[in-house]
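Have a look at the structure below, then the notes.
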């Protein structure tokens, strides 16, 4: 083993260590993701067990002296390799190991014939943003995400519709792995709702209606059983209480 340790594909028995490392490293960021529930460990274990070539999820760990001291998780999207997470433990930060993992991630992307490596970073995370820029990543776009309080008894012109069995299946899947999604119809529009950790909704997509109608539809259905709604939008209608918001910067590097 060399000084930096060994980088290799993760195995299913490493998932709890990876999850716990993620919890410690990202804190506020995880409020916007599927990893709010420890049941998402099952999801990670399943994609690792299926293999990277089948799922497109490449999870590599950095091991030194039999301890996992870092990892990255990237997704093969064809020409683009998207970096979801990259972490080293606090005790080894500042030693260049994050850069070693990032170099390995870029090499993996090239091996898979990807031409771009992309990632998202919160604008508020200036340290990470500056680090990526120093190693050659450039800003491509920006978007917004917000967490809204779902505490209003607001009724819209239509009722959110879905097959009863689809809601039962979504709840079952959420109970199994911490998150799920539900396809719905609202008047002339369609909505996809994410269910996370038994108390969160996430507006994954909508078409044929505006953002406020989409928010009203989800709030009307779930406000008695869910606490918050995550939306990606530059403008949140004024009537909704924003508990937290972030600007997401998309960075990329040509390989």
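Summary table
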item	result
Yes/no for residue 178 being over 14 Å from residue 156 (Cβ atoms) and surrounded by 16 or more Cβ atoms within 10 Å (Cβ to Cβ)	yes
Among (1) part of a helix (DSSP H, G or I); (2) in contact with a strand residue (DSSP E or B) (Cβ under 9 Å, 6 or more places away or on another chain) - the single one residue 127 does not satisfy	(2)
All positions within the stretch 9-48 that are part of a helix (DSSP H, G or I), free of Cβ contacts under 8 Å to residues at least 60 places away in the same chain and closer than 13 Å to residue 61 by Cα	12, 13, 14, 15, 16, 17, 18, 19, 48
Count of the stretch 204-223 residues which are part of a strand (DSSP E or B) and within 15 Å of residue 161 (Cα to Cα)	2
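None of the figures in this text is laboratory data; all of them are computed from the coordinates on show. Owing to the predicted nature of the structure, the values given are computational and were not obtained by experimental measurement. Backbone-built Cβ (ideal geometry, glycine too); neighbour counts: all protein chains shown.
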